[in-house]
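Below you'll find the structure, written out as structure tokens, and then a few comments.
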Amino acid sequence: MKTEDLKLFHQIVDTGSLNRASEIFDLPKSNISRRIKSLEEELNILLFHRQNRALQLTEAGTKFYTKTKAMLIDLEASIQEITAPTYEVSGHLRIQLLPFPEILDIGRMIFTFMDMYPKISVEIITSAEDKNMVENHIDIALRVAEGKTLEDSSLVARPFKHASFGFFCTPEYVEQHGMPQTADDLRKLNVIRFRFPTGNIRQLPFGKMKR
């Protein structure tokens, strides 16, 4: 049932005139008649007697009007309250963050957000697991993806930060094993590779390496 059709029905009853309802909603009279007929078919009841030009509610129509009047008033009041400029955002927000060093910078952003919206409580979940957001009631999650898209296309994704991968080692490692000069030299060294939350391992830009 469409809310607009319910409002239309109540307007017809309150004004007692199809023409007046047509003027208020700025709709052709034929359009209003068709929508009321559709509402009756959906409810499987007759709302108005149609023996004469005067609009008269049927017994079922009177009950429907009485039962839905308070509901419609509450609905309109709720919409006005939510959309009013003075409405204050509130609620609980669950955010999943990856256990990366950048979590400190993100934490500062979250504190700023909480200062702006003091009635919102924030819960932080640190996990590299690619959790199901719906099942785990997660509102926002940071994901790592290769390329421009995530594997789960049902998620609404926004780029947050770009990361590049490189080869790094400590001075002690170079002192012990020497500085690699070619790709073949790298194959002979122990390498720690990044595993994405999806389980995929970051591939090296050359050939295959033994574990």
Return yes or no: is residue 62 β-branched (Val, Ile, Thr) and within 16 Å of residue 7 (Cβ to Cβ)?
no
What number goes with the only condition from (1) among the hydrophobic types (A, V, I, L, M, F, W, C); (2) outside the structural domain of residue 110 (by TED's automatic domain parsing); (3) modelled with pLDDT under 85; (4) loosely packed, with under 12 Cβ neighbours inside 10 Å that residue 189 does not pass?
(4)
Helices (runs of 4 or more DSSP H) lying entirely in segment 10-123 (those with 3 or more residues that are loosely packed, with under 12 Cβ neighbours inside 10 Å)
29-43, 59-83, 103-116
Cβ-Cβ below 7 Å, separation at least six or inter-chain, first residue in segment 106-119 and more than 18 Å from residue 142 (Cα to Cα), second modelled with pLDDT of 90 or more and surrounded by 14 or more Cβ atoms within 10 Å (Cβ to Cβ): which pairs?
114/120; 114/122
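The values are calculated or read from the model by the stated rules, or taken from the named source; none is laboratory data. Owing to the predicted nature of the structure, the values given are computational and were not obtained by experimental measurement. We place every Cβ from the backbone using ideal geometry, glycine too, and count neighbours over all the protein chains shown.
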